[in-house]
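Below is one structure; the comments refer to it alone.
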Amino acid sequence: MPSSDLAPLVPLGAAYCFVLGACLASFLQVVAQRAAVPGSPPFYKGRSHCDACGHALGAAELVPLFSWLLLRGRCRHCGARVPASYPLAELCGGLGVALCFAAFPFQWGRLAVALPAFFVLFLIALQDAYTMEIPDLYSLLLCLPALAALWAFPETGLAARLIGAVCVSLPLLLITLAVPGAFGGGDIQLMAVCGFLLGWKQCLAGFFLALLIAGAQAVFLLASGRAKAGQGAHMPFGPALCAGCFLSLLWGGPLVAWYMGFFQF
C-alpha cells in the first residue's frame with residue numbers, strides 16, 4: 001500500500017494509466033484484427049485506414065475514445081459506420097491498466113508483472129474473439145510475467161504455482177479428450193500458464209469468475225437473438241478466461257479469503 005504521502009496521487013496515477021491503457025489497447029486491436037484477416041499487412045506495415053474506403057486515418061481520427069465519439073461512429077471521409085468494438089476495446093484497455101494501478105499503487109515490482117500480464121491477456125481475448133483461436137506465441141509471451149511473479153508475489157510459492165498449472169488445465173484436457181471440441185487447445189494452454197501465474201487458489205477463483213462471465217455472455221447472446229439454443233453455436237471462451245484470471249490476479253487473494261471465511265466457525 002502507498003504511504004500517506006503518496007495516497008493522494010493514486011487517483012492521478014490511475015487517470016494517467018487509463019490514458020496509457022486506452023492508447024495501447026487501440027494498438028493491440030490493430031494487431032489482433034490484422035492477424036485475423038487473411039492477406040492483411042502485418043501491424044508494423046501500413047497506416048491505419050478506414051475498412052470501407054481505405055482512406056488513411058489522420059492523427060485527429062486516432063485519439064482513443066474521443067475520435068469515435070466526436071465523429072459519431074462514422075468515417076469522416078465516406079460516412080461508413082465504425083464498429084463500436086473499437087471504442088469498447090479502448091475503454092476496456094484503459095480500465096484494465098487503471099485497475100492494475102489501483103490494486104498495486106506504486107508497487108513497481110507487482111505492476112511490472114500485472115501490466116504485461118494484462119496486455120497479453122487482452123491481446124489473447126481479442127484474438128480469440130476474432131478468430132476463435134489462441135496462438136501458441138501469445139501463451140508463450142504470458143510465461144514471462146508468470147515467471148516474474150515468482151519474485152513479485154513471493155507469498156505464492158512454487159508448489160502452489162505448479163499445482164495451479166494443472167488444477168484447471170488438466171480437467172479441461174480430460175473433458176476435451178472425452179468430448180472432442182469441448183474446449184480448445186488454446187484455452188487449456190492459457191489456463192496452464194495462468195495457473196502458474198496465480199497459484200492454485202487464485203486460479204480456481206479466476207476460473208469461477210470466468211464461468212460467471214461466460215454465462216452472462218451466453219444469456220445476453222440468447223436474449224438478444226444473436227445466438228439460438230440448440231443450433232450448435234459456439235462462443236469463444238478465451239475472453240472470459242482472460243477476464244476472470246486478470247480479476248483474480250488483482251483481487252483473487254481477498255476473494256479466496258472471503259469465501260474461506262464461510263467455513264470458519
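The values are calculated or read from the model by the stated rules, or taken from the named source; none is laboratory data. Just so it is clear, the model here is predicted, and its values are computed rather than measured. A quick note on method: Cβ atoms are made from the backbone with ideal geometry, for glycine too, and the neighbour counts reach across all protein chains shown.
Are any of the residues in segment 79-91 hydrophobic (A, V, I, L, M, F, W, C), touching a residue at least 24 places away in the same chain (Cβ under 8 Å), surrounded by 14 or more Cβ atoms within 10 Å (Cβ to Cβ) and part of a helix (DSSP H, G or I)? Yes. Return yes when Ala165 is under 18 Å from the mean Cα position of the chain (by Cα) and modelled with pLDDT of 95 or more and no when it is not. No. Reported count of residues in segment 105-135, each being without any contact (Cβ under 8 Å) to a residue 12 or more places away in the chain and crowded, with 18+ Cβ neighbours inside 10 Å, is 1.
Checking each residue in segment 40-65 for being without any contact (Cβ under 8 Å) to a residue 12 or more places away in the chain and within 15 Å of Tyr130 (Cβ to Cβ) picks out only Ser40. Out of Gly215, Gly252, Gly186, report the one residue that is modelled with pLDDT of 90 or more, assigned to a helix (DSSP H, G or I), touching a helix residue (DSSP H, G or I) at 6+ places or on another chain (Cβ under 6 Å) and not hydrophobic (A, V, I, L, M, F, W, C). None of the others qualify; the one that does is Gly252.
Screening the candidates Ile134, Ile124 for the property of being farther than 15 Å from Leu250 by Cβ and modelled with pLDDT of 95 or more yields one hit, Ile124.
Candidates in segment 41-76 are the residues that are among the hydrophobic types (A, V, I, L, M, F, W, C), assigned to a loop (DSSP other than H, G, I, E, B) and touching a helix residue (DSSP H, G or I) at 6+ places or on another chain (Cβ under 6 Å); of these, the one that is modelled with the highest pLDDT is Leu65. Are any of the residues in segment 157-169 under 17 Å from Ala243 (Cβ atoms), of a type outside the set (Lys, Arg) and not in a helix (DSSP H, G or I)? Among the residues of segment 157-169, at least one is under 17 Å from Ala243 (Cβ atoms), of a type outside the set (Lys, Arg) and not in a helix (DSSP H, G or I), which makes the answer yes. Of the residues that sit in segment 183-212 and are in contact (Cβ under 8 Å) with a residue 40 or more places away in the chain, under 21 Å from Phe153 (Cα atoms) and of a type in the set (Phe, Trp, Tyr), which one is surrounded by the most Cβ atoms within 10 Å (Cβ to Cβ)? Looking at the filtered set, the residue picked out is Phe196. Collect the residues in segment 171-182 that are touching a residue at least 12 places away in the same chain (Cβ under 8 Å) and either surrounded by fewer than 20 Cβ atoms within 10 Å (Cβ to Cβ) or at positive phi (or both), keeping them in residue-number order. Matches in segment 171-182: Leu173, Thr176.
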